[in-house]
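Reading through the structure tokens given below for one structure.
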Amino acid sequence: MIGERLRKKLVVAVTFLAMVSLVAVVAACGEEETSTTAAPTSAPSTTSNTAAPSTETTAPESTTSSSVQPTYGGVLKYIHVNTPQVLGYWPEQGPDDEWAVQPAIERIMKFTAGGILVPHLAESVVEDPDRLTITVKLRQGIKFHDGSELTAEVAKWNYDLGIPSGKLQFADALKEFEIVDKYTYVLHLNYWHNRLLESFGWMPMFSKEAFEKNGGADWARTHVVGTGPFILQEYNRDQSVKWVKNPDYWQQGLPYLDGIELMCLPDRNTAALTMMAGDADFWQSPTPQYLAQFKEKGVNVNIRIAKVGLGTGLIFNLADPNSPVADQRVREAMEYAVDKAAINEATGYGFTQVMDAVTPDPEWGADSIPVKREYNPEKAKQLLAEAGYANGCPITILALVEEGGRNTGAEAMKGYLDAAGFQTTLDIADPGRFFGSAFGTGWKDCIAMFWGVDENFLFSLAAWFGPSPKTKLAGWAPPEEYYALYEPAMQARTLEEQKEKTKAIVAYMNEHCLVIPGSFVPLTPVYQPWVHANYPDDGISTFYWDQAWMEKH
């Protein structure tokens, strides 16, 4: 039995664990392990080598890896906590929007198991760091849902969409977009590093003709026209999204499903009951509490436990020099004030892991941090006194609202901090205001937030905390000397060198207490036993709907 102290106070990680519902915000993917209550059968997958410097990568052919042959038909119903807010206007899409429209939208390249990039809409990709070029040859004859064709000109239009808004990561590296012929283009670069291919290769393609014909951005926000295996049928914001099979899909014989239906169920208890009743086929975002319930009750579902997922904790507003957290002693005091080990034990249900670094042990850099700040409220009080807050330090934490309009984890956090000498104000926000603050207007002092953890952790660091991040956290403004650590890491051409250089970034974040890590929450989607899909085997941000299928049930 968990003691009364733990039941009442050591639930702060609930704040963080609830964030797992938005795992798609992680703009990356890596190799995952699968653990199930009933072993799933993998759907057909594709394999190929990654695009190596100065070498050509050709698109792989699909192969069937399953001993059970796929069958056609059925509408797969899956549960998520929200619907996409922006469907087809890429400059305004958030990470969750990009994940949700994958039935319709495909990319120049795609990720496969192990975080390997291979051509997809492209037939080949040649990356040449020495000549500062990336040459892309598109497949011929690929049509958008409106019948228009994907060409080099259309691809250029898509790249151009992302540059003015800052959506295209590392856009300043693009010197010139050269159209060689109808299906070939060359990206001439101002500089090269090992993250460029993930930005310029993992590019979504939208129909230029549909965008211009129907009124541009206003229309595209609620409509989407891509090359993907499914066509948008019905969109009810905050309720449901329905997709129907694309009869003219360019990959012959695919997809297997007749359709897909996203069921918006933000109440996790309702979601769990829906899965138990067999009224949904796939739940993207269960929390550890419900995973434990499934196991305890012997519910016949497949639980996938990935090696990648979300780091969770507190991210500081380093952009405000007048905030108390501008003083490193205050930041350190906050970390010493919280008993992370007890929190993890009480709320993780065996599915989570304590993080002392921004990445979990044994991932890149976790074993080389200079300081391990374990629970020590007296040390926290001492640091506050040294920082001039002997009589209390006012602090505000922005947190996401939970079921019932509260946030029990944030309330427990407040208890810990106040006991150590803080005067904590909780700002509990609805999803719109929370994510609008996180990625737009900013927050006061600190935010209970998540970040991606990939097997190649340099990719996650660059996407979330790097000098040109994809996520663009509004309050993230570390010292320039921190950003300088990225240059040698991103110039590295071997995986081992990347790993070694990444350790320096992780160590700096720990030494200067730029983030307070809490728990690592692995991606753990739940499937009914009749569902066959690769996710998350091909990465946490990529669900290849063309490969998904269901047995008759």
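Roughly how many debye, to the nearest 20, is the charge dipole of the stretch 252-395 about its Cα centre, given +1 on each Lys and Arg Cβ, -1 on each Asp and Glu Cβ, and no other charges?
Details: 12 positive and 19 negative charges, 40 e Å.
It comes to approximately 200 debye.
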Charge dipole (debye, nearest 20) of the chain; +1 at Cβ of Lys and Arg, -1 at Cβ of Asp and Glu = 860
For residue 143 and residue 175 in the same chain, what is the full-extension length gain: residue separation times 0.36 nm, less their Cα-Cα distance, in nm?
-> 8.7 nm
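Kindly give Rg over Rh for the chain, based on alpha-carbon atoms, with the Kirkwood expression for the hydrodynamic radius. Kindly include the intermediate steps, with their values, before the conclusion.
On the way: Rg = 23.2 Å, Rh = 24.1 Å.
So for the chain, dividing Rg by the Kirkwood Rh gives 0.96.
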To the nearest 20 debye, what charge dipole does the stretch 80-205 have about its Cα centre, counting +1 at the Cβ of each Lys and Arg and -1 at the Cβ of each Asp and Glu?
-> 180
Dipole-positive endmost among 217, 173, 239 within the stretch 163-249 (Cβ charges, Cα centre) | 239
Kirkwood-based Rg to Rh ratio, the stretch 380-526, C-alpha trace = 1.00
Mean residue ellipticity at 222 nm from the helices of the chain, using -39,500 (n - 2.57) per DSSP H segment of n ≥ 4 over the full residue count, to the nearest 500 deg cm²/dmol?
-> -7000 deg cm²/dmol
Rough spin-label spacing in nm, given labels placed 7 Å along Cα→Cβ, for residue 390 and residue 213 | 7.4
Fully extended, how many nm does the chain gain between residue 341 and residue 530 (0.36 nm per residue separation, minus their Cα-Cα distance)?
-> 64.3 nm
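Give the shape of the stretch 341-431 as rounded, prolate or oblate, defined through the alpha-carbon gyration tensor: a ≥ b ≥ c are the square roots of its eigenvalues, a/c under 1.5 means rounded, and otherwise the shape is prolate if a/b is larger than b/c and oblate if not.
Values: a/c = 2.02, a/b = 1.07, b/c = 1.89.
It is oblate, given that a/c is not under 1.5 and a/b is not larger than b/c.
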Normalised contact order of the chain, rounded percent, pairs of Cα under 8 Å and 6 or more residues apart = 25
Packing-wise, with mean Cβ within 10 Å as the measure, how do 208-218, 459-469 rank, highest first?
-> 459-469, 208-218
Sort all Cα-Cα distances of the stretch 232-386 into consecutive 5 angstrom bins from zero, then give the percent of pairs in each bin up to the one containing the longest distance.
-> 1, 7, 11, 12, 13, 12, 11, 11, 9, 6, 4, 2, 1, 0
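Given the Cα-Cα distance of residue 500 and residue 299 and 0.36 nm per residue of separation, how much length would full extension add, in nm?
Numbers: separation 201, 0.36 × 201 = 72.36 nm, distance 4.31 nm.
So the chain would gain 68.0 nm between residue 500 and residue 299.
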To the nearest 0.05, how large is the calculated FRET efficiency for residue 419 and residue 439 if R₀ is 35 Å and r is the Cβ-Cβ distance?
-> 0.65
Highest average packing first - 481-491, 351-361, Cβ atoms within 10 Å | 351-361, 481-491
Toward the positive end of the charge dipole of the stretch 248-346, about the Cα centre and with charges on Cβ (Lys, Arg +1; Asp, Glu -1), which of 330, 274, 301 goes farthest?
-> 330
Mind listing the Cα extents of the stretch 417-461 along all three principal axes, in Å, largest one first?
-> 38, 28, 14
Can you pull the one-decimal nm distance between simple spin-label points at residue 430 and residue 238, each 7 Å off the Cα toward Cβ?
-> 0.5
Rounded, prolate or oblate (a/c below 1.5 giving rounded, otherwise prolate when a/b exceeds b/c) for the stretch 382-447 by Cα gyration tensor | oblate
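A short reminder: the numbers here are calculations on the coordinates, not readings from a lab. Bear in mind that the values here come from a model prediction, so they are computed numbers and not experimental data. FYI the Cβ positions are ideal-geometry reconstructions off the backbone, even for glycines, and counts take in every protein chain you see.
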